[in-house]
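Reviewing the structure listed below.
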Amino acid sequence: MKALFIILNDGSKIQAIAESLTRHGIHGGTVMDGQGLHEDFDFLGDDTTSTTSLLRMLSHGKPLKKILICVMQDDKVPAACDAVNEVVGDLNKERTGVLFTVPVEDTEGLTFF
């Protein structure tokens, strides 16, 4: 099994990617918001542990990135990559996104295989 991670700079495309994955037979996953470390973080002060600092950090007017994680059988990875590329185009274009997989060895609670 593999965990497929998709990090999108344009989070508005996440719904279309989810629909494309479903059409390709890939179901389930988790979506999270994210923010880039170097380009998006412009701290206003050094109090990075407070809620105020977090809110200031997130209110810079920059859209949040979306992170999608899907666990799937190894043979589904090419279809998942195709599904993502159908929506976002060439991920090798700068500031588009990143897609990668990591092996998953031990699981509990995965009931959709």
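We did not get these values from a lab; they are worked out from the coordinates using the rules stated. Not measured: the values here are computed from a predicted model. Quick reminder, even Gly has a Cβ in these numbers, built from the backbone with ideal geometry, and neighbours come from all protein chains shown.
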Round to the nearest 0.05 the FRET efficiency obtained for residue 108 and residue 74 when R0 = 25 Å and r is the Cβ-Cβ distance.
0.85
At R0 = 30 Å the Cβ-Cβ FRET efficiency linking residue 92 and residue 1, nearest 0.05, sits at 0.70
³J(HN,Hα), Karplus 6.51/-1.76/1.60, whole Hz, each residue of segment 84-89, x for Gly, Pro:
5, 5, 4, 8, 9, x
Residues of type lysines that residue 76 reaches as a straight line, Cα spacing below 20 Å, ignoring anything fewer than 8 places off in the same chain
2
Within straight cross-link reach of residue 13, meaning Cα distance under 20 Å, which lysines are found once same-chain residues fewer than 8 apart are removed?
62, 65, 66, 93
What are the ³J(HN,Hα) couplings of segment 72-83, residue after residue, when phi is run through the Karplus curve with 6.51, -1.76, 1.60 and θ = phi - 60°? Round to Hz, x for glycine and proline.
8, 5, 3, 6, 8, 4, x, 5, 5, 4, 4, 4
Counting only residues 5 or more apart in sequence or on a different chain, those whose built amide H sits under 5 Å from that of residue 36 are 65
